[in-house]
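*Asks:* Questions regarding the structure given below will be posed in turn.
The values are calculated or read from the model by the stated rules, or taken from the named source; none is laboratory data. On a predicted model such as this, the values are computed, not experimentally measured, just so you know. These accessible areas exclude ligands, DNA and RNA; they are computed on the full protein's heavy atoms, side chains included. Shrake-Rupley method; radii C 1.70, N 1.55, O 1.52, S 1.80 Å.
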Amino acid sequence: ADYLKNPPPRSRPATSSSQKESSPVDAACREKMVAWCYQVTDYCGFSRSTVEVALSLVDRFLSKSHSSPHHSSLADKCLASRKTYQLAVMT
């Protein structure tokens, strides 16, 4: 996802669990969410293409929001906090 190429700068490395939840989203975080989505999809017996389409929509929203002031606030919140990103992916 191209929005992960230039992640927001970190003030300092996350060390505790709560700091990691509030740290910016990176490629490793996205990979974990993809794996989790596939686990849920497989458990429920849904098509894996459901995950591909859903994450494509999330990726597009987060990528385009950098150029649109109307979406930038929500996208910035999603990219700045793993917890918010996880919520966005799960919904």
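*Asks:* What is the set of long-range amide H partners of Ser81 at a cut-off below 5 Å, with H atoms built 1.01 Å from backbone N?
*Replies:* So Ser81 has HN proximity to Val25.
*Asks:* Can you give the accessible area of Thr50, probe radius 1.4 Å, in Å² rounded to 10?
*Replies:* 80 Å²
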